[in-house]
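Notes for the one structure printed next.
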Amino acid sequence: MTTIQQLTRHITEKTHFNTLQDYKDFALAFLDFAEQGLQARIVCQNEVNYQFFQFREDCSYNISRPINSDLFGTAETFQGKLESFDLALRMLADKETPSDTLRPLFNGVVYTLQQAIGVALDALPASSANQAKKINGDLFERLVRLLVNEVRVKCDSGVLPVIIRDENGTELLKMNYQHDLIGRKHGKVVFLGSVKTSSKDRIDKIFIDKLLFNRFTNSQTPYIAVFLNDVQRAKAQTLGRQRINSTFLSGHFRAYTLRLTPIDGVYYCDLRPNMKSDPFLSQHIYGIDKLFFDELRSYML
């Protein structure tokens, strides 16, 4: 069995994650470790479909981020889910629409591929927290781009120049905008996007980025946002009685959508309950399956 030390050494070198297969291999290795290598699994007190992984003494009994057990894979079933996931990707690449029965599986596999990384990083010492957060965010961005390219939609990340002109068309200045996702067709930018593990402390910037980019370029370039989840472990909990907090600011999201500019698509692997039940939120926020099954193709038409 792979040890947690081997997993953390592997994960702290981002060059180990250059292909989709790299993510699959790591997830399988982590799930295999989790079967027997944990100190405990702690059920969340306020939302019982979440659990926390506690590591053993060699990792100072660290407790992981919350994991949605409805989405997160197991060593026993994940290989089979990967086969169905690969089938869905091949169908999408061939411009076919997979069965709706594959939608929950698709969300769960993407969630597991990324959360296996996040949970493994939680085994690192507290002094490595900032490094771990950066690695986790960078690898999620990379995973989403790999998936978009896997369905034959050209997508990269990078900087786009923005030229500010006066009313006569004279160039006044040039500025650069960094984007996590830049979708292109025949060299033309057809959509932009942001990829974050959580909307916490970032939701304002995403709306402003879309608004300013389109205003400065006098364009209507579609802008999407992809998030992993919006839950975190609540602070000051006693061992064995862990709770979660939501980090999604629904009031801010409503205000920015109504008064700034709506984001063209907001997608989560792990949707919060109010994103499904609230009439307004459910019209603007979807599972990540909707991006791949329904909407990416429209940008290429």
Being in contact with a Gly (Cβ under 7 Å, 6 or more places away or on another chain) and assigned by TED's automatic domain parsing to the domain that holds His284: is that true of Val226 here?
yes
Keeping to the range 129-148, report how many residues are of a type outside the set (A, V, I, L, M) and either in contact (Cβ under 8 Å) with a residue 60 or more places away in the chain or outside the structural domain of Cys59 (by TED's automatic domain parsing) (or both).
6
Within the range 254-288, tally of residues that are under 18 Å from Leu71 (Cβ atoms) and among the charged types (D, E, K, R):
3
So, in the range 278-295, of the ones that are in contact with a strand residue (DSSP E or B) (Cβ under 8 Å, 6 or more places away or on another chain) and closer than 17 Å to Asp100 by Cα, which residue ends up surrounded by the most Cβ atoms within 10 Å (Cβ to Cβ)?
Ile288
Determine whether the range 12-24 contains at least one residue that is at pLDDT below 95 and in contact with a Lys or Arg (Cβ under 9 Å, 6 or more places away or on another chain).
yes
What pairs come up if the first residue lies in the range 56-67 and is free of Cβ contacts under 8 Å to residues at least 40 places away in the same chain and on the phi > 0 side of the Ramachandran plot, the second is part of a strand (DSSP E or B) and not hydrophobic (A, V, I, L, M, F, W, C), and their beta carbons are under 9 Å apart, counting only those six or more places apart or on different chains?
Tyr61/Gln54
Is at least one residue of the range 236-257 among the polar types (S, T, N, Q), modelled with pLDDT of 95 or more and in contact with a helix residue (DSSP H, G or I) (Cβ under 6 Å, 6 or more places away or on another chain)?
no
Of those in the range 106-136 that are assigned to a loop (DSSP other than H, G, I, E, B) and under 21 Å from Lys200 (Cβ atoms), the residue nearest to the chain's Cα centre (by Cα) is Asp122
Among the residues of the range 84-105, write down those that are among the aliphatic types (A, V, I, L, M) and either within 16 Å of Val153 (Cβ to Cβ) or in a loop (DSSP other than H, G, I, E, B) (or both).
Ala88, Leu89, Met91, Leu92, Ala93
If we keep only residues of the range 51-90 that are of a type in the set (Val, Ile, Thr) and in contact with a strand residue (DSSP E or B) (Cβ under 7 Å, 6 or more places away or on another chain), then the residue surrounded by the most Cβ atoms within 10 Å (Cβ to Cβ) is Ile67
Only residues in the range 105-119 that are more than 13 Å from Thr197 (Cα to Cα) count as the first member; pair them with residues that are among the β-branched types (Val, Ile, Thr), Cβ under 6 angstrom, at least 6 apart or cross-chain, and list the lot.
Asn107/Ile288
Those residues of the range 145-194 that are polar (S, T, N, Q) and under 30 Å from Gln21 (Cα atoms) come to a total of 4
Output the residues belonging to the range 41-96 that are closer than 15 Å to Gln115 by Cβ and either charged (D, E, K, R) or assigned by TED's automatic domain parsing to the domain that holds Ile244 (or both).
Arg41, Arg65, Asp70, Lys81
Counting only residues in the range 34-72 that are in contact with a Ser or Thr (Cβ under 8 Å, 6 or more places away or on another chain) and assigned to a loop (DSSP other than H, G, I, E, B), the one farthest from Met1 (Cα to Cα) is identified as Asn49
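The values are calculated or read from the model by the stated rules, or taken from the named source; none is laboratory data. All of these numbers come straight from a predicted model, not from anything done at the bench. Note that each Cβ is placed from the backbone with ideal geometry, even for glycine, and that neighbours are counted across all protein chains shown.
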